[in-house]
1. Among the aspartates and glutamates, select those whose C-alpha is under 17 Å from the C-alpha of K175, and discard any that sit fewer than 8 residues away in the same chain.
2. Would you mind classifying the chain by shape? Square roots of the alpha carbon gyration tensor eigenvalues, ordered a ≥ b ≥ c; an a/c under 1.5 is rounded, otherwise it is prolate if a/b is larger than b/c and oblate if not.
3. With the cut-off at 1.5 for a/c, could you classify the range 112-206 from its C-alpha gyration tensor as rounded, prolate or oblate?
4. If you build a Gaussian network model of the chain, linking Cα atoms that sit under 10 Å apart, which residue out of E260, E245, E118 swings the most?
5. How would you order 24-30, 65-71 from highest to lowest mean count of nearby Cβ atoms within 10 Å?
6. DSSP beta bridges in the chain, what fraction antiparallel, as a percent rounded to 5?
7. In nm, what is the difference between 0.36 nm times the number of residues separating K3 and N116 and their Cα-Cα distance?
8. Ranking request for peptides 167-177, 226-236, 125-135: highest mean number of other beta-carbon atoms within 10 Å first, then the rest in descending order.
Amino acid sequence: MNKYSLLTMGDLTPIDIVDLINDAKCFSDSYKDWKLPTNDSLVVANLFFEPSTRTHFSFQCAEMELGCKIANFNAETSSVVKGESLYDTVKTFEAIGYKALVIRHWKDQYYKELENIEIPILNAGDGKGNHPTQGLLDLMTMYEEFGTFENLKVLIAGDILHSRVAGSNKEALEKLGAEVKFASPDIWAREGYERVDLDEGIKWADVVMMLRIQKERGAELQGMTDEEYLEKYGLSKRRYEMMKEKAIILHPAPVNRGIEIDDSLVESSKSRIFKQMRNGMLIRKAVLKRAFGFEPFKKVENMKIS
Ligand code: CP
């Protein structure tokens with residue numbers, strides 16, 4: 001596996017995380033027009049075996065802004081339908097001459113089958129496992145708001161059982177000194193994830209991250225109506241009033257408006273949901289820059305992002 005592949009948050013040290021956030025911030029201002037300095041064709045392929053809007057098209061936007069050439073793979077019109085394996089598909093892209101691959105796949109830890117691949121692989125989500133670039137963009141959004149992860153109180157609520165976002169955030173936030181708690185219906189409890197009462201968690205948190213109910217992975221409302229779920233387990237208007245004055249709302253999206261979060265709160269003053277999407281493009285530029293072996297723009301000192 002290439003040393004610049006990004007498969008899980010475990011591939012990154014705290015300094016790597018801060019470097020990537022720092023680079024992403026640079027891409028929003030002083031390095032806005034920076035491109036990969038190469039005459040070679042840096043051809044990147046985006047291989048999405050599961051639907052995606054944010055991850056796919058923010059990677060594509062990041063690739064275009066960096067000056068890469070891009071191929072978008074469609075499994076349904078590829079030789080996957082003739083039974084070609086993931087390994088052979090990926091090996092084919094490497095053999096053709098692609099220089100990096102962005103991959104989303106429904107299988108947990110699909111990348112374990114790809115250890116022989118030498119070009120960088122950027123994991124855009126594996127089943128219920130990991131979503132490292134989502135974790136990074138979430139961290140960037142929190143850092144922009146609070147300027148530190150030390151003792152930051154983060155509540156992650158909803159369908160934690162099927163969520164790769166919950167896993168990636170837990171791993172990174174705990175490494176960076178934040179406190180992370182979870183709230184969910186009992187059916188979605190997850191081993192090793194400390195659960196608290198939702199109302200108590202909402203009052204405690206600096207960051208309230210709501211998660212989507214992942215119906216495509218078998219999650220169900222267990223006979224509740226949308227309104228009943230929102231009242232019992234979602235971020236309702238009543239719970240919004242319980243949040244700390246400076247607390248913020250995150251959600252990886254897509255959002256089931258009116259189920260895990262009240263429709264009117266998606267664009268409320270505490271919501272940073274659309275900020276997350278912008279940060280996602282910037283973080284993916286930083287991750288691609290690292291994948292091509294470029295050093296961070298600025299040296300990190302004292303874990304502070306400049
Ligand atoms: N948050 C996220 O991964 O969204 P997409 O599924 O649209 O990429």
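The values are calculated or read from the model by the stated rules, or taken from the named source; none is laboratory data. Just so it is clear, the structure is predicted and the values come from calculations on it, not from any experiment. Positions of Cβ are backbone-derived with ideal geometry, glycine not excepted, and every protein chain shown enters the neighbour counts. Just so you know, the surface numbers come from the protein's heavy atoms only, side chains and all, with ligands and any DNA or RNA stripped out. Shrake-Rupley method; radii C 1.70, N 1.55, O 1.52, S 1.80 Å.
1. Counting by Cα, and skipping residues close in sequence, K175 has these aspartates and glutamates nearby: D11, D16, D19, D138, E150, E194.
2. On the way: a/c = 2.00, a/b = 1.37, b/c = 1.46.
Here the chain falls in the oblate category.
3. On the way: a/c = 2.74, a/b = 1.42, b/c = 1.93.
It is oblate, given that a/c is not under 1.5 and a/b is not larger than b/c.
4. E245
5. Details: 24-30: 18.0, 65-71: 16.1.
In descending order of packing, they fall as 24-30, 65-71.
6. Values: 2 of 34 bridges.
Once the DSSP bridges in the chain are tallied, antiparallel ones form about 5 percent.
7. Values: separation 113, 0.36 × 113 = 40.68 nm, distance 1.22 nm.
Difference between extended and current length: 39.5 nm.
8. Numbers: 167-177: 20.5, 226-236: 18.0, 125-135: 23.5.
Highest to lowest by the protection proxy: 125-135, 167-177, 226-236.
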